[in-house]
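**Q** Below is a structure I'd like to ask you about.
The values are calculated or read from the model by the stated rules, or taken from the named source; none is laboratory data. The structure presented is a predicted model; accordingly, all values stated were derived computationally and were not measured. Using ideal geometry, Cβ is built from the backbone for each residue, glycine included, and neighbour counts are taken over all protein chains shown. Just so you know, the surface numbers come from the protein's heavy atoms only, side chains and all, with ligands and any DNA or RNA stripped out. Shrake-Rupley method; radii C 1.70, N 1.55, O 1.52, S 1.80 Å.
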Amino acid sequence: MRSKGSPERTGTTGPAALGALVAKLAARAQYDLTPGGTGRRRLAEETGMSVWAVGRMLRGETLPKVENVYAIAAALGLNEREEHLLLDTAGYTNRSDRAKRSNQPVLSIASPLTPERIADELGISHPFVRTMLISSITEAIRLQREADAESGDPGGTAVAR
């Protein structure tokens, strides 16, 4: 991350401008960034950034790496024009496909695959359809765990694969 004091950052670019823009776009995407809200944690999980880094970025203290700017754009569901606006505001004028690809989601304990994330990845945004999909996935997971418990296979067969 770059610090707020970088000399090349002035006017409508730089950490403060990016923080304000991301906060505005996150609010539009229904991330609750109010004190006590879950929006910062959710944004961190969906971008691979730490909650601390997200908070510093939103406060205009630092700039994220270019890869994280792409991840923020994806998490917020931005179109290409809005993605370019984020990059320009951060001061990243030299874009590369390599930077964009390098931040593909990685499944880990810190970033698990959840029913909500599956709906996001599939682009399911209609509230009713999204609720139905998440409910179905949650029920399928519950039934699989019950079947695993009955068979004495606590890890499930997927773990053995």
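**Q** If I filter the range 81-96 down to residues being within 22 Å of Ala17 (Cα to Cα), open to solvent by 30 Å² or more (accessible area, probe 1.4 Å) and of a type in the set (S, T, N, Q), which single residue comes out as modelled with the highest pLDDT?
**A** That would be Thr93.
**Q** Could I ask something else about it? Would you mind finding the one in Leu63, Leu43, Leu78 that is modelled with pLDDT of 85 or more, of a type in the set (A, V, I, L, M, F, W, C) and farther than 18 Å from Ala27 by Cα? Write out each step before concluding.
**A** On the way: Leu43 fails: farther than 18 Å from Ala27 by Cα; Leu78 fails: farther than 18 Å from Ala27 by Cα.
After applying the criteria, what remains is Leu63.
**Q** I'd like to check something: does the range 4-23 contain any residue that is closer than 16 Å to Leu78 by Cβ, part of a loop (DSSP other than H, G, I, E, B), at pLDDT 90 or above and open to solvent by less than 70 Å² (accessible area, probe 1.4 Å)?
**A** No: the range 4-23 contains no residue that is closer than 16 Å to Leu78 by Cβ, part of a loop (DSSP other than H, G, I, E, B), at pLDDT 90 or above and open to solvent by less than 70 Å² (accessible area, probe 1.4 Å).
**Q** Same structure again: For the range 112-134, enumerate the residues that are of a type in the set (S, T, N, Q) and open to solvent by less than 70 Å² (accessible area, probe 1.4 Å). It would help to see each step written out before you state the result.
**A** Keep residues of the range 112-134 that are of a type in the set (S, T, N, Q), which gives 114, 125, 131.
If the condition is that a residue be of a type in the set (S, T, N, Q) and open to solvent by less than 70 Å² (accessible area, probe 1.4 Å), then Thr114 is the only one that fits.
**Q** Let me ask something else. If you check Ala160, Ala110, Ala73, Ala99, which single one turns out to be under 21 Å from Arg40 (Cβ atoms) and at pLDDT below 85?
**A** Numbers: Ala160 fails: under 21 Å from Arg40 (Cβ atoms); Ala73 fails: at pLDDT below 85; Ala99 fails: under 21 Å from Arg40 (Cβ atoms).
Only one candidate qualifies: Ala110.
**Q** Still on this structure, I have one more. Taking only the range 50-91 into account, find how many residues are without any contact (Cβ under 8 Å) to a residue 24 or more places away in the chain and either more than 22 Å from Gly123 (Cβ to Cβ) or over 13 Å from the mean Cα position of the chain (by Cα) (or both).
**A** Result for the range 50-91: 11.
**Q** Residue pairs, Cβ under 7 Å, 6 or more apart or interchain, first in the range 124-148 and free of Cβ contacts under 8 Å to residues at least 40 places away in the same chain, second in a loop (DSSP other than H, G, I, E, B) and of a type in the set (Asp, Glu). List them.
**A** Qualifying pairs under 7 Å: none.
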